[in-house]
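The values are calculated or read from the model by the stated rules, or taken from the named source; none is laboratory data. As the structure is a prediction and not an experimental result, all values here were calculated from the model. Here the Cβ positions follow ideal geometry from the backbone for every residue, glycine too, while neighbour counts run over all protein chains shown. Areas reflect the complete protein model, heavy atoms only, side chains present, ligands, DNA and RNA absent. Shrake-Rupley method; radii C 1.70, N 1.55, O 1.52, S 1.80 Å.
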Amino acid sequence: ISSLILQVMQRKKMMTMLFVLLDTNDNSVSLINYGHNWPLIVRLDGSVEEIKLGGLPMGMRATRKPDVPARYLLQPGDIFFTYTDALIECLNPFGVMLGHEPVYRELGRTAGLPPDRVVAHIEGYWQAYQAGGIQQDDLTMMVITRNAMPGASNGQ
């Protein structure tokens, strides 16, 4: 795909992309990153871990060999979270960008919530930060949760 984008666009455009393959048999995600924001895992205790995967955006260079995905196991209660840059790059009315750390802190508060509530919480936080300002970019979030062990109390 990267070689095709490079050929068609001739380095005039590029795109970031994160490929995610969920394996429900072993509760793992396999990831290949092409310059996209690092995905995150929110643990049941509220800690947030960055999955630091490098990679150039698609359309920057020709593909010479297949990329090997990185594989991560999701533990009971984990939230896998990925997003577009509109989440962290939004501006408040004073022109201050939101950034990573405030989003990570807010994500920690969603530990144990189902995917729809995680998205609603983070979107509400994002909108409140902008305080009615103009949305500069499209916002996309993807949330995958692994259910906690039976009998555990986690809000699900």
For the range 122-139, state whether one or more residues are open to solvent by less than 90 Å² (accessible area, probe 1.4 Å), in contact (Cβ under 8 Å) with a residue 24 or more places away in the chain and of a type in the set (Phe, Trp, Tyr).
-> yes
All but one of (1) closer than 21 Å to Gln127 by Cα; (2) open to solvent by 30 Å² or more (accessible area, probe 1.4 Å) hold for Tyr83, so report the exception by its number.
-> (2)
List the number of the failed condition for Phe94; all other conditions in (1) among the hydrophobic types (A, V, I, L, M, F, W, C); (2) open to solvent by 80 Å² or more (accessible area, probe 1.4 Å); (3) under 23 Å from His36 (Cα atoms) hold.
-> (3)
What number goes with the only condition from (1) modelled with pLDDT under 95; (2) small (Gly, Ala, Ser); (3) surrounded by 13 or more Cβ atoms within 10 Å (Cβ to Cβ) that Gly77 does not pass?
-> (1)
Scanning the range 97-118 for residues that are open to solvent by 40 Å² or more (accessible area, probe 1.4 Å) and either within 14 Å of Leu40 (Cβ to Cβ) or assigned to a helix (DSSP H, G or I) (or both) gives His100, Glu101, Arg105, Arg109, Pro115, Asp116, Arg117
Can you give me the number of residues within the range 76-87 that are among the aliphatic types (A, V, I, L, M) and farther than 16 Å from Val118 by Cα?
-> 1
Hand me the list of strands (runs of 3 or more DSSP E) wholly inside the range 1-49 holding 1 or more residues that are in contact with a His (Cβ under 6 Å, 6 or more places away or on another chain).
-> 17-23
Taking Lys52 as the residue in question, decide whether it is over 14 Å from the mean Cα position of the chain (by Cα) and open to solvent by 50 Å² or more (accessible area, probe 1.4 Å).
-> no
Enumeration of residues in the range 96-115 that are more than 15 Å from the chain's Cα centre (by Cα) and without any contact (Cβ under 8 Å) to a residue 24 or more places away in the chain = Val96, Met97
Is there any pair linking a residue in the range 23-41 that is surrounded by fewer than 14 Cβ atoms within 10 Å (Cβ to Cβ) to one that is at pLDDT 95 or above and not in a loop (DSSP other than H, G, I, E, B), with Cβ under 8 Å and at least six apart or on different chains, and which?
-> Asp23/Val29; Asp23/Ser30; Asp26/Leu73
